[in-house]
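Asker: Here you go, one structure.
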Amino acid sequence: MRKIWCLGLLMLFMVNVSGQELADGQVVVRNLDVVRGENALFVSMDVDVSALNIATNRELLFVPVLKGESDSVQLPFMIVAGRNRYFYHLRNTPVSDGDVLERAGQAKVIRYRASLPFESWMSKATLAIDERACGCRGEGEDRRVPLLRMEPKVYTPVFVYLPPEVEMVKTREVKGSAYIDFPVNRTEIHEDYRKNPTELRKIRQTIDVVREDPDVRITALSIKGYASPEGTYANNTRLAKGRTATLKTYVRELYHFPDSVILTSYEPEDWAGLEAYVDSTNLRNRDDILGLIRADLEPDAKEKMIKSTYPEDYQFLLKNVYPGLRHSDYVVRYVVRTYTDAEEIRRIMKTQPQKLSLRELYIAAKDLEPGSDEYNEAFEIAVRMFPADEIANLNAANAAMAKGDLKGAARYLGKAGDRVEAVYARGVYAVLSKDYDSAMRFFAEAAQGGITEAEDALRQVKEVKNDQIE
């Protein structure tokens with residue numbers, strides 16, 4: 001199982017900064033933490049005042065302030081006072097709960113802890129300390145020292161890609177149809193008759209492209225001949241069978257294939273092709289003719305009823321449709337060698353991706369930079385070559401989410417199946433779509449199914465939902 005980390009778009013508080021200096025370097029803030037709880041913001045810091053030298057009648061006031069664009073709030077303050085000022089506060093101005101009063105020279109580290117109700121503007125606020133030096137007569141000087149800016153962390157989903165199974169024998173095929181003209185009621189091929197030069201060249205080109213590839217071995221060539229419905233079924237059987245046999249002989253003599261490689265079959269009358277055409281048209285009697293085509297009647301009876309009942313439509317079909325029903329479909333099946341070198345696979349991926357297996361396309365991607373164009377292209381080609389494969393769709397969905405294409409990811413996830421990795425991927429999709437309830441449900445199911453990444457994802461989504469930060 002391969003995991004690719006990629007940034008998402010959701011926020012989670014947890015910042016830690018240390019080493020900020022106050023009071024001209026005599027005071028140091030360490031271990032600063034700002035953590036988002038369920039409904040509150042918690043601020044903690046250790047303020048080292050051990051080096052602070054202050055006169056007996058003076059004091060330093062430190063006021064933490066959280067400031068947003070248009071809102072701000074003061075947190076409990078800290079006072080470090082010289083001897084006289086310290087006792088003055090004890091007698092006259094006792095500090096409130098949460099505020100801190102320490103005597104200079106005796107205090108070493110102030111362990112400051114404060115909390116306040118969380119508000120949404122705080123997610124991008126700045127935490128600072130207002131520093132004020134005061135004397136016994138009240139004179140003083142203010143200075144604001146920024147400690148940190150609240151930069152929310154991003155949710156970081158882990159995309160779980162699955163390596164496809166190894167395809168032990170890579171069998172591929174290429175298909176075509178040729179519309180070869182035969183003289184009326186004859187079965188021999190005349191290569192220069194009507195459009196035959198073009199139609200025969202189509203067959204040769206299909207075979208040659210495969211046959212001349214050094215990485216490929218042809219295993220079978222299937223030919224199926226069809227006749228059109230006019231005339232008797234018996235005669236059309238003779239024509240379809242004889243014309244198919246003639247085409248087989250033509251190919252065998254041209255390429256010297258053994259008989260075992262060339263497979264033939266025939267369909268005396270292409271009623272399926274006629275039905276598909278009529279169903280796609282606006283013929284005046286379209287529905288009635290379709291009813292006859294689909295009726296449980298002998299072929300000769302069907303043809304006769306169409307001809308006699310709807311003569312105008314029949315003449316149109318005879319002239320414009322029936323010629324196209326006399327065709328020979330062919331399929332060239334071949335085996336492609338296995339590729340193991342990633343660079344070679346990537347070269348083939350650009351020009352002949354149909355020669356590659358899902359596993360080979362995965363090999364092409366795994367050494368590339370996650371999220372790069374070539375990386376995404378490998379998974380997109382894989383799902384294009386194998387559109388019904390669940391693993392291809394799962395990996396393509398992950399690649400789509402990683403580059404922010406949620407629309408494409410949704411399309412792929414719909415065909416990714418129900419394996420636990422797909423459930424997890426749907427959880428990631430739900431998070432990125434801000435559907436937190438669905439995300440938690442998917443992640444809980446994935447965690448129960450053994451996806452370890454789902455447990456951390458579930459924890460993060462729960463925190464995000466509680467924060468209600470967008």
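Asker: Among the listed residues Gln468, Gln460, which satisfies the condition of being modelled with pLDDT under 95, of a type in the set (S, T, N, Q) and on the phi > 0 side of the Ramachandran plot?
Answerer: One residue alone meets the criteria, Gln468.
Asker: Quick one: which of Asp418, Asp405 is surrounded by fewer than 22 Cβ atoms within 10 Å (Cβ to Cβ), within 28 Å of Ser123 (Cα to Cα) and among the charged types (D, E, K, R)?
Answerer: After applying the criteria, what remains is Asp405.
Asker: Suppose we filter region 110-124 for residues that are touching a Leu at 6+ places or on another chain (Cβ under 7 Å) and at pLDDT 90 or above; how many remain?
Answerer: 3
Asker: Here is a further query. Got at least one residue in region 310-330 being under 30 Å from Lys355 (Cα atoms), among the acidic types (Asp, Glu) and surrounded by 15 or more Cβ atoms within 10 Å (Cβ to Cβ)?
Answerer: Yes.
Conditions tested, residue by residue: (1) modelled with pLDDT under 95; (2) touching a Leu at 6+ places or on another chain (Cβ under 6 Å); (3) in the same structural domain as Thr187 (by TED's automatic domain parsing); (4) not basic (Lys, Arg).
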| position | (1), (2), (3), (4) |
| --- | --- |
| Phe257 | yes, no, yes, yes |
| Ser260 | yes, no, yes, yes |
| Trp271 | no, no, yes, yes |
| Tyr277 | no, no, yes, yes |
| Leu283 | yes, no, yes, yes |
| Ile289 | no, no, yes, yes |
| Lys319 | yes, no, yes, no |
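Results for (1) surrounded by fewer than 17 Cβ atoms within 10 Å (Cβ to Cβ); (2) modelled with pLDDT under 85; (3) over 30 Å from Ala392 (Cα atoms), shown as yes or no for each residue.
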| site | (1), (2), (3) |
| --- | --- |
| Gly135 | yes, yes, yes |
| Glu139 | yes, yes, yes |
| Arg144 | yes, no, yes |
| Leu147 | no, no, yes |
| Phe159 | no, no, no |
| Glu167 | yes, no, no |
| Thr171 | yes, no, no |
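Asker: Here is a follow-up. Just checking, how many residues over region 300-316 are out of contact with any helix residue (DSSP H, G or I) (no Cβ under 7 Å at 6 or more places or on another chain) and not polar (S, T, N, Q)?
Answerer: Final tally of qualifying residues: 6.
Asker: Could you grab the pairs with beta carbons closer than 7 Å, sequence gap of 6+ or different chains, first residue in region 60-76 and in contact (Cβ under 8 Å) with a residue 60 or more places away in the chain, second one among the charged types (D, E, K, R)?
Answerer: Cβ pairs passing all conditions: Leu60/Glu131; Leu61/Arg132; Phe62/Glu131; Val63/Asp130; Val65/Asp130.
Asker: For region 285-361, give me every one of the helices (runs of 4 or more DSSP H) that falls completely inside it and has 3 or more residues that are more than 18 Å from Glu374 (Cα to Cα).
Answerer: Passing ranges, in order: 286-293, 299-309, 311-320, 322-325.
Asker: Filter region 81-129 down to the residues that are within 27 Å of Asp71 (Cα to Cα) and in a loop (DSSP other than H, G, I, E, B) and list them by number.
Answerer: Val95, Ser96, Asp97, Gly98, Asp99, Phe118, Glu119, Ala125
Asker: Might you let me know whether region 79-91 holds any residue that is in contact with a Phe, Trp or Tyr (Cβ under 6 Å, 6 or more places away or on another chain), more than 17 Å from Ser44 (Cα to Cα), assigned by TED's automatic domain parsing to the domain that holds Asp48 and surrounded by fewer than 19 Cβ atoms within 10 Å (Cβ to Cβ)?
Answerer: no
Asker: A further question on this structure: Which one is farthest from Arg294 (Cα to Cα), of the residues in region 190-218 that are aliphatic (A, V, I, L, M) and under 42 Å from the mean Cα position of the chain (by Cα)?
Answerer: My answer is Val216.
Asker: Also: For region 219-245, name all the residues that are crowded, with 18+ Cβ neighbours inside 10 Å, over 46 Å from the mean Cα position of the chain (by Cα) and among the β-branched types (Val, Ile, Thr).
Answerer: Result: Thr244, single match.
Asker: Just one of Asp341, Asp287, Asp279 is exposed (fewer than 15 other Cβ atoms within 10 Å of the Cβ) and either touching a residue at least 40 places away in the same chain (Cβ under 8 Å) or within 20 Å of Asp215 (Cα to Cα) (or both); which is it?
Answerer: The conditions single out Asp341.
The values are calculated or read from the model by the stated rules, or taken from the named source; none is laboratory data. Keep in mind the model is a prediction, meaning the values are calculated, not measured. Quick reminder, even Gly has a Cβ in these numbers, built from the backbone with ideal geometry, and neighbours come from all protein chains shown.
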